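The numbers here are math on the coordinates, done by the rules we state, and not lab data. Fair warning: this is a prediction, and the values are worked out from it, not measured in the lab. Every residue, glycine among them, receives a Cβ derived from its backbone with ideal geometry; neighbour counts consider all protein chains shown.
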């Protein structure tokens, strides 16, 4: 039986039409503030956007145009948006690859390994999540510079290959896996790495998808750190690029809004890709199999 | 296998944090000057500053409001889009949009919605109450400013918890629902006796993490209110940021960071002890 | 069979990770000259073009531009200094100059920039770039700034409100109060004035735009002889001035912070007057056209005052080639294309020649009164290394007072905070006054 066929929590066959309509209404209400963003990105005149803020006019556009999008993509070499976007993608892909591997390995060991001081490491992990990034960025900048990573991609990738948040999340998930599964693999003579890779990873798709999605958004929207660590446009991500539209005396609402919409698309794709891993009952079918 | 993660965390997170302790004992400025050892003066200065205590009160108030609102809403949405309905991917994508919107843009949008006196939110309230309820100065009134920040924050960030709950829901064995259905359990009973207990671990994670995140509240406040009106939205991180980056007193800011760390650590440990499965 | 996608991506990433990673560790290539700056997109373009032109005129020279978002500029400078990676040329916000010079990371530029440029700078431009203890010039700029009053000509005429002809003719404090009161009952006026509380405290707006009101009322943020805030910022003149502003707010005469920054020209013109920066002109004229008029700031006491200061360019002490840095700065500021870009965006002239060539500010132009005001009444914000503390304390105090706090109590608190900062730094020698 594939996962999709299992009944999903809360499913009811009664009143499917009413249900869909109510979900649609809820979704509409929740998402409606974002129409302002979409609408503003289609208004070419930043003064018009500013004048219409604070009223319902902010949610309506008379003469929609894609001019802002064209402007951004054809910007001169001083604010190369295509470059910023590529940079963000590079950082995203490498952070995700390393982050998923290292966080899950650590979580697996913490959940199942026989290591001394496990509780202490776990508590320390949670504790370190408390540290606000704003309080350590300056020290971190000195550390990164002293190992020669100033103004590089690595400086935006390496520090995020492991995070207490995701180790903790995956630990919670791994520790729920039934003991039989682990014991059976031991009996089969599997090494710890084999158990991790062949048993735990495949049945942990929902948790891994969660980490991929959350780490992906976090990476994509990083601002303060890349701002401080990048200098030139060489490795500068799009989040910092967009902030350039919020000028000293005036805000370029039209460009900022269009760029923000463009910036959302890649993470939306990432999310839609990974949310397919939210398949039900993997653990239970794993036990049966 | 534990080593890479531990090494990275130790080097890029633990080390800079540990370095802030010696710094907190000096009068180190943002722009380097010869430093002087000042002992615990910075700690005394922070702990005797009424603004710090106000900030601590504010984040506690924020946390108490935002954790149930945000987590509850996230769970409701997760249950909603975990069903087999036509266009499920569309709803999943749409409901996740707020979470991927950068916080600066979210602040622009909600700043407009909250605008006083003619902003859309006030117009809707006026319309629904036939003009009886006067316009609310959401961000300009000390009584409504923090609830307004809560609303905005919960809207922006519920996607995080929603995704974690979605993952958690997949861990509940389908046969349990099958059995409950055969027993004739109602939708509510199935939630109460199958879903809710099945989400126990997820809940622990979500509540602890959301609490920590709430205590770190900064960006929204920094963009929208900068702590005002009348200090009603000053938060601890914002206080630290303002002392360090604006006031240039890095030593003092480090002391704030360390005090915040220990306060939240105690709260997290208590939460974990209370929530843990009594095995 | 259920998880091929997972295996594929994991396998791919593991391989690609190690292989491709080395390529990204190499930082960007080094340039002969680095410049850090902030600015609107048109400035980014203008500076980029100037750099290219300079490179073309000086073969073999390369310039790296580090554009930094305005809202995060102070963080970036702080981080760059503390990490010892300050570029050769640093743009900075004028009131912070004394703090940076005192901290020891800038060098005088008198001998590094063109004599012609030096002679062309307006007195206000020189004052914003000068460090008082050694009276040397540390920074220069093409532009400067000021704050004026904006109004609707038709509205003032229909209400029979006197329209000042120039700076010497500015509204007095009493007159101004009567005008606000008159406007508060005028048809269609929701708020008599916008003092741009909507800018919040993330910018320099409060000490920048409100200090002139204090100075004109006979007080200041700090005593500029003894460098002590207590007795000045919390003295009677300042308390009265702050109380006056708080009363405007209490009367409902001022656009609230949460109403945004567009109420002066938004549909229906809810706000009658605007106490706004010179940059506000281009926003407002777009909506109001000929009806928009520009007036000098009111004169509350014996003397008139207006703010100045903008983002200016300095050369860091660690610069490997300060001569080249000075050469580039002189080139860029006098570059006709660079000047045109600023003129097209109503840049406020910081050079005499640029003023004469800007139709907006030249005699007879719509903003001529702004230029006249800058020449006659401009007062820089306190040029003292404690300025970050002064700014922070002032912003906190005025935000609270306008929100209803007791003016005397909050100004006393602010003055004490400023004095404590100065004391913490042993008076910031060589500045006197302990």
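Okay, here's what the table says:
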quantity: Exercise: per-residue mean of other protein chain Cβ atoms within 10 Å, C:254-267; calculated: 6
quantity: 35 Å tail of the calculated P(r), the range B:26-275, as % of Cα pairs; calculated: 30 percent
quantity: Ranked C:410, C:335, criterion: other C-beta atoms within 10 Å, fewest first; calculated: C:335, C:410
quantity: 222 nm mean residue ellipticity, helices alone, for chain B (DSSP H n ≥ 4; -39,500 (n - 2.57); rounded to 500); calculated: -20500 deg cm²/dmol
quantity: Radius of gyration and Dmax over the Cα atoms of chain C, both given in Å; calculated: 24.3, 87
quantity: Cα convex hull volume per residue for the range B:51-116 (Å³); calculated: 125 Å³
quantity: Residue of B:85, B:109, B:212 that the Gaussian network model of chain B assigns the largest fluctuation, springs spanning Cα pairs under 10 Å; calculated: B:85
quantity: Per-residue Cβ neighbour rank within 10 angstrom, fewest leading, C:75, C:55; calculated: C:55, C:75
quantity: C-alpha long axis of helix B:88-100 to longest principal axis of chain B, angle in °; calculated: 10 degrees
quantity: Cα long-axis angle, helix B:103-113 against chain B (0 to 90 degrees, to the nearest 10); calculated: 70 degrees
quantity: Diffusion coefficient, µm² s⁻¹, Stokes-Einstein with Kirkwood Rh over alpha-carbon pairs of the range B:1-143 at 4 °C and 1.567 mPa s; calculated: 62 µm²/s
quantity: Exercise: per-residue mean of other protein chain Cβ atoms within 10 Å, C:414-421; calculated: 1
quantity: Tensor-based shape of the range A:91-133 (alpha-carbon gyration tensor, a/c under 1.5 rounded, otherwise prolate or oblate); calculated: oblate
quantity: Candidates B:62, B:245, B:215, ranked by Gaussian network fluctuation over chain B, Cα under 10 Å, top entry; calculated: B:245
quantity: DSSP bridge pairs, the protein assembly as shown: antiparallel proportion in percent, nearest 5; calculated: 65 percent
quantity: Gyration tensor verdict on the range B:197-279 (Cα atoms; rounded if a/c is under 1.5, prolate if a/b is larger than b/c, oblate otherwise); calculated: prolate
quantity: Centroid-to-centroid separation of the range B:136-169 and the range A:35-79 [C-alpha atoms, Å]; calculated: 26 Å
quantity: Neighbour-count ranking [beta-carbon atoms within 10 angstrom, fewest first] of A:21, C:101; calculated: A:21, C:101
quantity: Approximate shape of the range C:238-351 as ellipsoid semi-axes (Cα gyration tensor, √5λ), whole Å, largest first; calculated: 37, 21, 13
quantity: Shielding of B:241-252 by partner chains, average beta-carbon count, 10 Å; calculated: 5
quantity: Calculated SAXS-style log₁₀ I(q)/I(0) at q = 0.13, 0.14 Å⁻¹ - the range A:212-283, Debye, Cα scatterers; calculated: -0.50, -0.56
quantity: Viscosity 0.692 mPa s, temperature 37 °C, Stokes-Einstein D of the range C:187-241 from Kirkwood C-alpha radius, µm²/s; calculated: 257 µm²/s
quantity: Overall Cα dimensions of the range C:390-434, principal axis frame, Å, largest first; calculated: 38, 15, 13
quantity: Rounded to 5, percent antiparallel among DSSP beta bridges of chain C; calculated: 65 percent
quantity: The protein assembly as shown - Rg and Dmax from Cα coordinates, angstrom; calculated: 29.6, 97
quantity: Top of B:249, B:216, B:84 by mean-square fluctuation, Gaussian network on chain B, Cα under 10 Å; calculated: B:84
quantity: Global form of chain A, assessed from the alpha-carbon gyration tensor, a/c cut-off 1.5; calculated: oblate
quantity: Principal-axis tilt of helix C:368-377 within chain C, Cα atoms, nearest 10 degrees; calculated: 90 degrees
